[in-house]
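Remarks on the structure that follows.
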Amino acid sequence: MLIIPIKEGENIDRALKRYKRKFDRTKTMKNLRARKNFTKPSVAKRAQNIKASYVQRLRTQEEVG
(Lines give C-alpha, C1' and ligand atoms only; values in the text may rest on other atoms or scores of the structure.)
Protein backbone atom coordinates (compact mmCIF):
# COMPACT_ATOMS: atom_id res chain seq x y z
CA MET A 1 0.00 0.00 0.00
CA LEU A 2 1.40 3.36 -1.02
CA ILE A 3 1.08 6.24 1.36
CA ILE A 4 1.46 9.80 0.09
CA PRO A 5 1.43 12.44 2.82
CA ILE A 6 -0.41 15.56 1.64
CA LYS A 7 0.89 18.84 2.96
CA GLU A 8 -1.34 21.63 4.21
CA GLY A 9 -2.78 23.56 1.26
CA GLU A 10 -1.22 21.25 -1.35
CA ASN A 11 -2.99 20.92 -4.67
CA ILE A 12 -4.64 17.52 -5.13
CA ASP A 13 -3.32 17.28 -8.70
CA ARG A 14 0.23 17.59 -7.45
CA ALA A 15 -0.34 14.89 -4.82
CA LEU A 16 -1.89 12.62 -7.45
CA LYS A 17 1.13 13.16 -9.68
CA ARG A 18 3.44 12.19 -6.79
CA TYR A 19 1.33 9.07 -6.22
CA LYS A 20 1.53 8.05 -9.88
CA ARG A 21 5.30 8.58 -9.93
CA LYS A 22 5.74 6.48 -6.78
CA PHE A 23 3.48 3.77 -8.23
CA ASP A 24 5.57 3.63 -11.42
CA ARG A 25 8.79 3.31 -9.42
CA THR A 26 7.48 0.26 -7.57
CA LYS A 27 7.10 -1.55 -10.93
CA THR A 28 3.82 -3.10 -9.83
CA MET A 29 2.25 -3.12 -13.29
CA LYS A 30 5.41 -4.51 -14.86
CA ASN A 31 5.38 -7.42 -12.39
CA LEU A 32 1.68 -8.09 -13.01
CA ARG A 33 2.17 -8.20 -16.76
CA ALA A 34 5.20 -10.44 -16.40
CA ARG A 35 3.23 -12.91 -14.26
CA LYS A 36 0.39 -13.01 -16.77
CA ASN A 37 2.28 -15.39 -19.02
CA PHE A 38 5.27 -17.62 -18.41
CA THR A 39 8.50 -17.04 -20.30
CA LYS A 40 11.06 -19.78 -20.36
CA PRO A 41 14.38 -18.88 -18.72
CA SER A 42 16.23 -19.51 -21.98
CA VAL A 43 13.96 -17.06 -23.84
CA ALA A 44 14.36 -14.43 -21.12
CA LYS A 45 18.13 -14.82 -21.17
CA ARG A 46 18.23 -14.55 -24.96
CA ALA A 47 16.16 -11.35 -24.86
CA GLN A 48 18.44 -9.93 -22.19
CA ASN A 49 21.52 -10.71 -24.34
CA ILE A 50 19.94 -9.09 -27.40
CA LYS A 51 19.12 -5.97 -25.40
CA ALA A 52 22.64 -5.82 -23.96
CA SER A 53 24.22 -6.09 -27.40
CA TYR A 54 21.91 -3.37 -28.72
CA VAL A 55 22.83 -1.00 -25.88
CA GLN A 56 26.53 -1.79 -26.34
CA ARG A 57 26.26 -1.05 -30.06
CA LEU A 58 24.62 2.31 -29.33
CA ARG A 59 27.34 3.24 -26.85
CA THR A 60 30.16 2.36 -29.22
CA GLN A 61 28.52 4.41 -31.97
CA GLU A 62 28.26 7.34 -29.55
CA GLU A 63 31.95 7.10 -28.71
CA VAL A 64 33.02 6.88 -32.34
CA GLY A 65 31.00 9.89 -33.19
In whole Hz, with x marking every Gly and Pro, tabulate ³J(HN,Hα) for the range 60-65 from phi via Karplus 6.51 cos²θ - 1.76 cosθ + 1.60, θ = phi - 60°. 5, 5, 5, 5, 5, x
Averaged per residue, the 1.4 Å probe accessible area of the chain, protein heavy atoms only, in Å², is roughly 104
Give the cross-link partners of K27 among the lysines, using a straight C-alpha distance below 19 Å as the criterion and excluding same-chain residues fewer than 8 apart. K17, K36
Accessible area of the chain with a 1.4 Å probe: how many percent of it is carbon plus sulfur? 55
Need one word for the chain: rounded, prolate or oblate. Basis is the Cα gyration tensor (sqrt eigenvalues a ≥ b ≥ c); a/c below 1.5 gives rounded, then a/b vs b/c decides. oblate
Quick one: ranking M1, M29 by accessible area, 1.4 Å probe, largest first, what do you get? M1, M29
From DSSP H assignment alone, runs of 4+ in the chain each adding -39500 (n - 2.57), the sum over residues rounded to the nearest 500 puts [θ] at 222 nm at -24000 deg cm²/dmol
Sorted by accessible area (1.4 Å probe), largest first, how do E8, E62 line up? E8, E62
Just to check I understand the Karplus step: with θ = phi - 60° and J = 6.51 cos²θ - 1.76 cosθ + 1.60, what whole-Hz values come out for the range 31-42, glycine and proline as x? 5, 5, 5, 5, 7, 4, 9, 8, 10, 5, x, 5
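The values are calculated or read from the model by the stated rules, or taken from the named source; none is laboratory data. Model, not experiment: these values are computed from the prediction. Accessible surface areas use protein heavy atoms only, side chains included; no ligands, DNA or RNA. Shrake-Rupley method; radii C 1.70, N 1.55, O 1.52, S 1.80 Å.
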